[in-house]
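Below is one structure, written out as structure tokens; the observations come after it.
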Amino acid sequence: MIHGHGDDRHLFPLIRINFSSNVNPYGLNEGLQSHLNRCIGKLTTYPDPMAESLAKTIEMQKGLPAGSVLMTNGAVEAFYLLAALYQNKRSLIYTPSFSEYEDACRMYHHSLTFCPNTLFPNEDTAKYDTIWIGNPNNPDGKLFNRQALKDMICAHPDTLFIVDEAYVQFSLSPITLENEAPECANLVVIRSLTKRFSIPGLRLGYLITTPGMVNRLKRLLMPWRINSLAIEAGEYCFSSRFSDNFSLSYLLDESRRLQSEINSLDGFSVIPSATSYFLVTAPTNAPELKRWLAENFNILIRDASNFRGLSKNHFRLSTQLPEKNNVLIKALHAWR
């Protein structure tokens, strides 16, 4: 794991506004919090060893075939599982991208090739065993065309396509391949529950693929990876009891406003994004700006200079609610 992931606020104890992590800015759902409080007694017994009860709940809720969902300890575990299953293989990663794709592949000795995502779908993909794509992509919010992805997957049946949809609930575009994954032997779709439901501390995600692939991956797993509270959180979030005031349309409108405001500042240039998070090029190096905002305004941003393919001046922002966004805009106005 690299140093410098988003939400490293443990290094900045005085932070009061966090723009560094792409998590639902509405915060923890009150109903979910109350449910977890009621479930605290379940910590005295072991959880479902493979969290299969939750996997079945998701399959039923989404109309997916039985056995096509595998619960994971956050979306990140899925990356390492797949890298382990395909160890020593040839892999292509479109960049810039979430660093854990590369870290997982290196841990399991993949031969790696990197391709700028601006070249998609023109890269010759036939020579790779696995291809890693974030859709929406992190950190730039790029959306890959759904039909173009499907065409590429169908054209290369011997290549496994790993499509990370951790942020699909932060885009209005119809890009998901979750319904195709159970019927497509060379496709795995990865989802996260931590972003939309604002529970990153519980580490909960899942993948969707063919039942055969699920069974292959299960052979790599140890039992009890998913704790009881995480399972209860998932069951609640996929039940009829869950409701909240999350408005994606409102959040994306606010994201566009924030992008426009920052782009108008001298020296700052926004890379447009159709998601709630986006990249900015700063007039200084990102680590310096990050320290300055943290020390002077108790604001945390994501230094994106350690993403492969980005420069030392790139940083990423995750849109918050208007009051907090306005504080950031004023702070950036004050940059010397």
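The values are calculated or read from the model by the stated rules, or taken from the named source; none is laboratory data. Everything quoted here is computed from the prediction, not taken from an experiment. Using ideal geometry, Cβ is built from the backbone for each residue, glycine included, and neighbour counts are taken over all protein chains shown.
Can you pull out the residues in the range 126-151 that are part of a strand (DSSP E or B) and either of a type in the set (A, V, I, L, M, F, W, C) or more than 22 Å from the chain's Cα centre (by Cα) (or both)? Can you show your working first?
Going through the range 126-151, the residues part of a strand (DSSP E or B) turn out to be 130-134.
Listed by number, the residues that qualify are ILE131, TRP132, ILE133.
Does the range 102-125 include one or more residues that are part of a helix (DSSP H, G or I) and buried (at least 23 other Cβ atoms within 10 Å of the Cβ)? Break it down into steps so the answer makes sense when it comes.
Let us first name the residues in the range 102-125 that are part of a helix (DSSP H, G or I), namely 102-107, 117-119.
Applying the additional criterion that residues be buried (at least 23 other Cβ atoms within 10 Å of the Cβ) yields 104-105.
Yes; the residues of the range 102-125 include at least one that is part of a helix (DSSP H, G or I) and buried (at least 23 other Cβ atoms within 10 Å of the Cβ).
Considering each residue of the range 170-196, count those that are closer than 28 Å to LEU229 by Cβ, among the polar types (S, T, N, Q) and modelled with pLDDT of 95 or more, and give that number.
Selection size over the range 170-196: 2.
Among the candidates VAL280, VAL270, VAL327, which residue alone is of a type in the set (A, V, I, L, M), touching a residue at least 60 places away in the same chain (Cβ under 8 Å) and outside the structural domain of LEU204 (by TED's automatic domain parsing)? Even if it seems obvious, please write down each step before you answer.
Details: VAL280 fails: touching a residue at least 60 places away in the same chain (Cβ under 8 Å); VAL270 fails: touching a residue at least 60 places away in the same chain (Cβ under 8 Å).
Of VAL280, VAL270, VAL327, the one residue that is of a type in the set (A, V, I, L, M), touching a residue at least 60 places away in the same chain (Cβ under 8 Å) and outside the structural domain of LEU204 (by TED's automatic domain parsing) is VAL327.
Any residue at all in the range 200-213 that is more than 26 Å from SER99 (Cα to Cα) and not hydroxyl-bearing (Ser, Thr, Tyr)?
Yes, because at least one residue in the range 200-213 is more than 26 Å from SER99 (Cα to Cα) and not hydroxyl-bearing (Ser, Thr, Tyr).
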